[in-house]
Each structure stands twice: as C-alpha cells, then as structure tokens.
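Beneath this line is the structure, given in structure tokens, with notes to follow.
No lab work stands behind these numbers, since they all come straight from the coordinates. Bear in mind the structure is a predicted one, so any value in this text is a computation, not a measurement. Here the Cβ positions follow ideal geometry from the backbone for every residue, glycine too, while neighbour counts run over all protein chains shown.
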Amino acid sequence: MQLGFYFDQTRCIGCNACTVSCKDWNQVEPGPVRWRRQEAYQYNNVFENLTMSCNHCEDPACMKACYYGAIKKRNNGIVYVDRDLCQGLQACIQACPFAATHIADDKQEPVKKDTWMIAHPMQKCKGCYERVEAGFGKPVCVDACPVRALDWGEITDLQAKYPDAVRLNKQDFPYAYINSDTETKPSFLIKKKKTNMVIKHLVK
C-alpha cells in the first residue's frame, strides 16, 4: 500500500489555507520550517500554483541518506522521522529532491526535548498519520482546502479517480525539483495546468 497526495493546479487559488492549517495542526511555530509550502510560478502571463509537502516517495532518498536510521517508512507508505534518533547529519536535506526536510532555528524551536540528541532534529510532513488513524479524516491540509484542489488516498485509487493526473516528474514540473534529479517515485499526482511558456518563479 502506498498513500499519497493529489493536487489540481486548475483549481488552486493560492489562498494558503493548506499551509496555515498544517502549521496550526502540527504546532509549527513561525520560522524557516514549513511542512507544506505553496508557491506561485508564471509562464509569461499565465500563473500556476504548486502546493507541496513531503511526497512520501516509494523509494525515499532521505531515508537512504540517513546514517542513523531516523527516517522510517510505515506499512502504508508514510515516510516519517523519529526525531529522537536524529543527530543532525543533514544528509537527508541534501538528498531530498523536493526540499521537504527541514531544520528549525532557536527562535522557532526554543525548547529542546529531553529525548532529543540535538537541539533541532529534522522535521517534515508525516501525512497527519496520527490524525488519520484517529478517525479525523484526511490530512488537515486536504480537509482545509476550500476549492478541493487537494486529495489524499492510496496512490492507485487516486490514479483511477483522477485519470488525467500525472505523477510528479522532472519534465513536467522542473520547478518542483530543488536539490537533485534523483528518481524517488514521489507519491504525488498532479492535474497539470497546460502551457508551453517559460517558467519564472514568483513567490517563495
């Protein structure tokens, strides 16, 4: 089983309800860490939104790069970090093609937990698995989207539900790849806004 996200670029209005709800539910304080980010791009005069978190890849490069075994994968495909095991190597940050792994600063995370080995162990989206398993529905970002641009489920079910969506890839979405061209099989399907114009990054 492999759970993953679906995103409809033709629906997204860039309201940031997904990113705000993510920070609120997961109690991520203001600072450099963003478990989900929403960015805008321009194809000349055509605007295109992309909201993305960890893609819970089928073959996660971050997990392979972690020498201490702090990054793990659940049976349902959710990739998560055991922050008690992280020792700050940050190889996961270099390995992730999508910049989904993050390190907080002292202002964002002022109190070190007793179980942590370092002040700021890596953190990232965990698919709201505690919320989902407790019966609260889908990840909070999905439930918060007012235009239903986001969905979540088993990746083969999403492919059947949204046959016009494609899996995130370098050719169609080059701006989504930050660190490398590593093929990780991201569990992220996108209904693409079609255009052939040159990409310009607008908002971080």
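For LYS113 and LYS64, FRET efficiency with R0 = 30 Å and r from the beta-carbon atoms, rounded to 0.05?
Values: r = 26 Å, r/R0 = 0.87.
E(calc), rounded to 0.05, equals 0.70.
Applying 0.36 nm per residue to the separation of LYS73 and ILE13 and subtracting their alpha-carbon distance, the gain on full extension is 18.4 nm. The length gained by stretching the chain between TYR162 and ASP24 to full extension, at 0.36 nm per residue less their Cα-Cα distance, is 46.8 nm.
The angle between the Cα long axis of helix 17-26 and the longest principal axis of the Cα atoms of the chain comes to about 20 degrees, rounded to the nearest 10. Across region 115-126, rounded Karplus estimates of 3J(HN,Hα) from the backbone phi angles (6.51 cos²θ - 1.76 cosθ + 1.60, θ = phi - 60°) give 7, 7, 7, 10, 5, 9, x, 4, 9, 5, 4, 10 Hz, Gly and Pro being marked x. Karplus-based coupling profile of region 96-109, in residue order and whole Hz: 5, x, 10, 6, 8, 9, 9, 10, 7, 10, 5, 6, 6, 9, with θ = phi - 60° in 6.51 cos²θ - 1.76 cosθ + 1.60 and x standing for Gly or Pro. In the chain, Cα pairs under 8 Å separated by at least six residues give a relative contact order of 34 percent.
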